[in-house]
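Trainee: First the structure, which I've put down as structure tokens, then a few questions once you've had a look.
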Amino acid sequence: MAKKEFKAEVDKLLKLIIHSLYSHNEIFLRELISNAGDALDKMKFLNLTDEAFKHEQFEGRIDIYLNEKEKSLIISDNGIGMDENDLNENLGKIAHSGTKLFAEKLTGDAQKDSNLIGQFGVGFYSVFMVAHNVEVISRKAGSDKAFKWTSDGQSGYTVEDAQRDAHGTTIICHLNDEHVEYAQQYRVTSLIEKYSNFIAFPIFLHYEEQEYTPEGEEPKPATMVEKQANSAKAIWKRSKSELSQEEYNDFYQTLSGESEEPLFHMHTQAEGSLEYTTLFYIPAKAPYDLYRADYRPGVKLYVKRVFITDDDKELLPIYLRFIRGVIDSEDLPLNVSREILQQNRILTNIKGASVKKILTEIKKLASDNPTKFEQFVEHYNRPMKEGLYSDFVNKADLLEIVRFKSTNDESAWTSLAQYKERMNSEQKSIYYLCGDNAEAVRHNPLVQAYKKRGFEVLLLSDEMDQMVMPMVQDYQGIALKAINKADADDGIFDDAKDEEAIQAVEGVAEKLKEALGDRVKEVRLSARLDDAPSAVVSSDDDMSLQMSRMFQMMGQEAPEVQPILEINPKHALVQSVAKSEDKELIADYAILLLDGAYLAEGAPLKEPARFSQLMFKYIK
Ligand SMILES: Nc1ncnc2c1ncn2[C@@H]1O[C@H](COP(=O)(O)OP(=O)(O)OP(=O)(O)O)[C@@H](O)[C@H]1O
């Protein structure tokens, strides 16, 4: 029998798992039971939907046999099983992601890191933390052949023919001397309670029990006992009133593999025209893969308690991809094909109602529990903004949930409702400015000018804001305006118009436009620049300057936006240009005014050397 090498990465991964999670090695049992549960889910599905398997009276179960003397733990399921090819594919190489990413995510805290192995689909290998040899005997449903996979977790593995009476998988773990505790009944029972209580199939423990014999009497022979160790009930089907917070949290941990408690849960049992149950959780922290294209979806779909899929990214809208939980429908057909799920009207309705429910509950959290809501904002404000971009149906709710930094209190978050409360009576619009970084936005001359006049400005420095904010347009009928767009003046600065100063610089705009040529669309006098000599803004129908830069940075085609240069007639630099007929001086000052305005925004300059040369020339 030829011995096969593990695929290169498995070898490294095994070492990593064994070393990094060693102090938390008990999780191996959670992983093995969860795999058995998955295999039973698949079998149950076949049994209910596939003609070839319908004849079987299927009762899914997991059996765990403990033998302290032999130092062994055997876990057996009557699930879908594996054939020779499956054994090679599934246990010979890594299922989903690579070792490198896994290694990068390790924090050094075994408890926390143990969450990772489930997320990375490498759970099976954790068995080698406690066993020096593992045999997997499996027979795939529909086949009459069984195979045995054997490995010491170090030097590769073998696969050979074997015997098994029916479909399913048996995993024999030969425990290391220091891990005999995993062959002890009380230890294994408490682990099942901790990690696997909500597996929807019964788990039976088999162990030897020695009856107590009073002193002096002949000890009775030990007997084998079989005992169910879990509740095996779909928790979401139980009534809300009979469930404790602890049970909800425990189920979350089983479902997500997280050891931390969730931020909160939402349990809905809908009856009437559409019958379904949903149990959703918001994790306390954003999942590590929230911003990865290959993120793992967190919601499982069941039909009448039969597991259908956990790999459908569209059970909820993509922006809610951090939600963990279960959707169980009474109305969907069991054999609903995974491909047509998306077009299914029943599922579309459940999805629509679920989104509404989730957003309503998040809004409620804001008023009922500000501390938790703040935690929510820290982790999920960004996905909520994605929602503003993609989910128009729920725009009103999302606008109540997203939070912003603002000039009112730069260290706190504000809602649009709070902003609206603070608006003064003459204020016509809600003002905001997007920029490349928080510092630059805060110090932008336009922001300073609005702030000085008592108008609050939302300060937005997330790349995404540039895309999202123009889509918002209004909040409860009040327009949202970017202050670096030409129309955001709103007449606020009319009283600052100094006719005398304007007359004194007559012709200056034309002179500067001539000097700058195509670099600007227009040069115009502005009353909204207090101390700054100039600012760049874009016209209302143009893409914002930052957005155009962002597209260029992402290597995408974006029209070169010509800015409007606003200049301050009361500023000495502008007045000097007005007075001068010296072409060279006008050309130099024009560049200083334009590039200086870009710099104040935190934007990169096209010719930084030229700017710095001019700056030193005039300082001198
Ligand atoms: N008891 C079992 N019955 C049938 N197949 C199994 C069993 N245990 C493991 N497998 C197969 O081996 C694969 C690898 O298991 P492993 O625990 O390493 O990762 P995973 O289950 O895919 O991911 P995760 O641990 O996150 O659920 C599984 O996906 C499954 O196909």
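The values are calculated or read from the model by the stated rules, or taken from the named source; none is laboratory data. Fair warning: this is a prediction, and the values are worked out from it, not measured in the lab. Here the Cβ positions follow ideal geometry from the backbone for every residue, glycine too, while neighbour counts run over all protein chains shown.
Trainee: Identify, please: which residue in the range 298-322 is in a loop (DSSP other than H, G, I, E, B) and out of contact with any Ser or Thr (no Cβ under 9 Å at 6 or more places or on another chain) and is, among those, surrounded by the most Cβ atoms within 10 Å (Cβ to Cβ)? Walk me through it before giving the result.
Mentor: Of all residues in the range 298-322, those in a loop (DSSP other than H, G, I, E, B) come to 298, 304-305, 310-317, 321-322.
Those left that are additionally out of contact with any Ser or Thr (no Cβ under 9 Å at 6 or more places or on another chain): 305, 310-314, 321-322.
Numbers: Arg305: 15, Asp310: 17, Asp311: 11, Asp312: 17, Lys313: 13, Glu314: 14, Arg321: 22, Phe322: 19.
Looking at residues that are in a loop (DSSP other than H, G, I, E, B) and out of contact with any Ser or Thr (no Cβ under 9 Å at 6 or more places or on another chain), I get Arg321.
Trainee: A further question follows. Just to be sure before I move on: is Ile327 in contact with a helix residue (DSSP H, G or I) (Cβ under 7 Å, 6 or more places away or on another chain), within 24 Å of Val472 (Cβ to Cβ), crowded, with 19+ Cβ neighbours inside 10 Å and of a type in the set (A, V, I, L, M, F, W, C) in the structure I sent? Step through it out loud before you land on a result.
Mentor: Values: in contact with a helix residue (DSSP H, G or I) (Cβ under 7 Å, 6 or more places away or on another chain): yes; within 24 Å of Val472 (Cβ to Cβ): no; crowded, with 19+ Cβ neighbours inside 10 Å: yes; of a type in the set (A, V, I, L, M, F, W, C): yes.
In short, no.
Trainee: For the range 32-56, which residues satisfy the criterion of being β-branched (Val, Ile, Thr) and either touching a Pro at 6+ places or on another chain (Cβ under 7 Å) or more than 15 Å from the ligand (Cβ to nearest atom) (or both)?
Mentor: Quick first cut of the range 32-56, residues β-branched (Val, Ile, Thr) only: 33, 49.
Selection gives Thr49 alone.
Trainee: Related question: Only one of Lys451, Lys521, Lys481 is more than 28 Å from Asp397 (Cβ to Cβ), in contact with a Ser or Thr (Cβ under 6 Å, 6 or more places away or on another chain) and basic (Lys, Arg); which? So that I can check it myself, show each step before the final result.
Mentor: Values: Lys521 fails: in contact with a Ser or Thr (Cβ under 6 Å, 6 or more places away or on another chain); Lys481 fails: more than 28 Å from Asp397 (Cβ to Cβ).
Result: Lys451 is the single residue among Lys451, Lys521, Lys481 that is more than 28 Å from Asp397 (Cβ to Cβ), in contact with a Ser or Thr (Cβ under 6 Å, 6 or more places away or on another chain) and basic (Lys, Arg).
Trainee: Which numbered condition in (1) surrounded by fewer than 18 Cβ atoms within 10 Å (Cβ to Cβ); (2) assigned to a loop (DSSP other than H, G, I, E, B); (3) within 19 Å of the chain's Cα centre (by Cα); (4) of a type outside the set (Gly, Ala, Ser) is the only one that Gln375 fails?
Mentor: Status for Gln375: all satisfied but (2).
Trainee: Check Ala417, Ala449 and return the single one that is modelled with pLDDT of 95 or more, of a type in the set (Gly, Ala, Ser), over 23 Å from the mean Cα position of the chain (by Cα) and assigned to a helix (DSSP H, G or I). First the steps, then the outcome.
Mentor: Values: Ala449 fails: modelled with pLDDT of 95 or more.
Exactly one of Ala417, Ala449 is modelled with pLDDT of 95 or more, of a type in the set (Gly, Ala, Ser), over 23 Å from the mean Cα position of the chain (by Cα) and assigned to a helix (DSSP H, G or I), namely Ala417.
Trainee: Under 6 Å by Cβ, and 6 or more places apart or on different chains, what pairs join a residue from the range 70-81 that is closer than 13 Å to Lys44 by Cβ with one that is surrounded by fewer than 20 Cβ atoms within 10 Å (Cβ to Cβ)?
Mentor: Pairs that qualify, where the first residue is closer than 13 Å to Lys44 by Cβ and the partner is surrounded by fewer than 20 Cβ atoms within 10 Å (Cβ to Cβ), are Ile80/Lys42.
Trainee: Considering only residues that are surrounded by fewer than 20 Cβ atoms within 10 Å (Cβ to Cβ) and in contact with a strand residue (DSSP E or B) (Cβ under 8 Å, 6 or more places away or on another chain), which ones fall in the range 71-86? First the steps, then the outcome.
Mentor: Initial filter on the range 71-86 (surrounded by fewer than 20 Cβ atoms within 10 Å (Cβ to Cβ)): 71-72, 74, 83-86.
Correct list: Lys71, Ser72, Ile74, Asp83, Glu84, Asp86.
Trainee: Within the set of pairs 6+ apart or on separate chains, which have a first residue in the range 344-357 that is of a type outside the set (Lys, Arg), a second that is modelled with pLDDT of 90 or more and assigned to a helix (DSSP H, G or I), and C-beta atoms under 8 Å apart?
Mentor: Correct list of pairs: Val355/Leu320.
Trainee: Ok, one more. Answer yes if at least one residue in the range 235-255 is in contact with a Leu (Cβ under 7 Å, 6 or more places away or on another chain), of a type outside the set (D, E, K, R) and in contact (Cβ under 8 Å) with a residue 60 or more places away in the chain, and no otherwise.
Mentor: The answer is yes; a qualifying residue exists.
Trainee: Kindly check whether there is at least one residue in the range 49-57 that is out of contact with any Cys (no Cβ under 9 Å at 6 or more places or on another chain), surrounded by fewer than 19 Cβ atoms within 10 Å (Cβ to Cβ), of a type in the set (Val, Ile, Thr) and not in a loop (DSSP other than H, G, I, E, B).
Mentor: Initial filter on the range 49-57 (out of contact with any Cys (no Cβ under 9 Å at 6 or more places or on another chain)): 49-57.
If we keep only those that are surrounded by fewer than 19 Cβ atoms within 10 Å (Cβ to Cβ) as well, we get 49-57.
Among the residues that remain, those that are also of a type in the set (Val, Ile, Thr) are: 49.
Then drop every residue that is not not in a loop (DSSP other than H, G, I, E, B), which leaves 49.
Yes, the range 49-57 has at least one match.
Trainee: Pairs, please: C-beta under 7 Å, at least 6 apart or cross-chain, first residue within 17 Å of Ala488 (Cβ to Cβ) and in the range 512-530, second part of a helix (DSSP H, G or I) and hydrophobic (A, V, I, L, M, F, W, C)?
Mentor: From the range 512-530, the pairs are Arg524/Ala509; Leu525/Ile502; Leu525/Ala509; Ala527/Ala496; Arg528/Leu446; Arg528/Ala449; Leu529/Ala449; Asp530/Ala449.
Trainee: Only one of these is part of a helix (DSSP H, G or I) and in the same structural domain as Gln503 (by TED's automatic domain parsing): Leu593, Leu565, Leu605. Name it. Give the derivation first.
Mentor: Numbers: Leu565 fails: part of a helix (DSSP H, G or I); Leu605 fails: part of a helix (DSSP H, G or I).
Of the residues listed, the single one that is part of a helix (DSSP H, G or I) and in the same structural domain as Gln503 (by TED's automatic domain parsing) is Leu593.
Trainee: Any residue that is part of a loop (DSSP other than H, G, I, E, B), at pLDDT below 80 and within 16 Å of the ligand (Cβ to nearest atom) - is there at least one of those in the range 97-104?
Mentor: Taking the range 97-104 first, the residues part of a loop (DSSP other than H, G, I, E, B) are 97-98.
If we keep only those that are at pLDDT below 80 too, we end up with 97-98.
Imposing the further condition that a residue be within 16 Å of the ligand (Cβ to nearest atom) reduces the set to 97-98.
Looking through the range 97-104, at least one residue is part of a loop (DSSP other than H, G, I, E, B), at pLDDT below 80 and within 16 Å of the ligand (Cβ to nearest atom).
Trainee: Give the residues of the range 164-177 that are within 15 Å of the ligand (Cβ to nearest atom) and not in a strand (DSSP E or B), sorted by residue number. Lay out the reasoning, then the answer.
Mentor: Taking the range 164-177 first, the residues within 15 Å of the ligand (Cβ to nearest atom) are 164, 166-173.
The answer is Arg164, Ala166, His167.
Trainee: Out of everything in the range 228-246 that is surrounded by fewer than 11 Cβ atoms within 10 Å (Cβ to Cβ) and over 28 Å from the mean Cα position of the chain (by Cα), what residue ends up being farthest from Met266 (Cα to Cα)? Steps first, answer last, please.
Mentor: Initial filter on the range 228-246 (surrounded by fewer than 11 Cβ atoms within 10 Å (Cβ to Cβ)): 239, 241-242, 244-246.
Among the residues that remain, those that are also over 28 Å from the mean Cα position of the chain (by Cα) are: 239, 241-242.
Working: Ser239: 13, Ser241: 13, Glu242: 15 Å.
Among them, the one singled out is Glu242.
Trainee: Does Asp165 count as without any contact (Cβ under 8 Å) to a residue 60 or more places away in the chain, in the same structural domain as Ile18 (by TED's automatic domain parsing) and over 37 Å from the mean Cα position of the chain (by Cα)? Quick ask: steps written out before the conclusion?
Mentor: Working: without any contact (Cβ under 8 Å) to a residue 60 or more places away in the chain: yes; in the same structural domain as Ile18 (by TED's automatic domain parsing): yes; over 37 Å from the mean Cα position of the chain (by Cα): yes.
So Asp165 passes the test.
Trainee: Just for the range 404-447: of the residues that are among the aromatic types (Phe, Trp, Tyr) and more than 24 Å from Ala597 (Cα to Cα), which one is surrounded by the fewest Cβ atoms within 10 Å (Cβ to Cβ)?
Mentor: Ranking the qualifying residues of the range 404-447, first place goes to Trp413.
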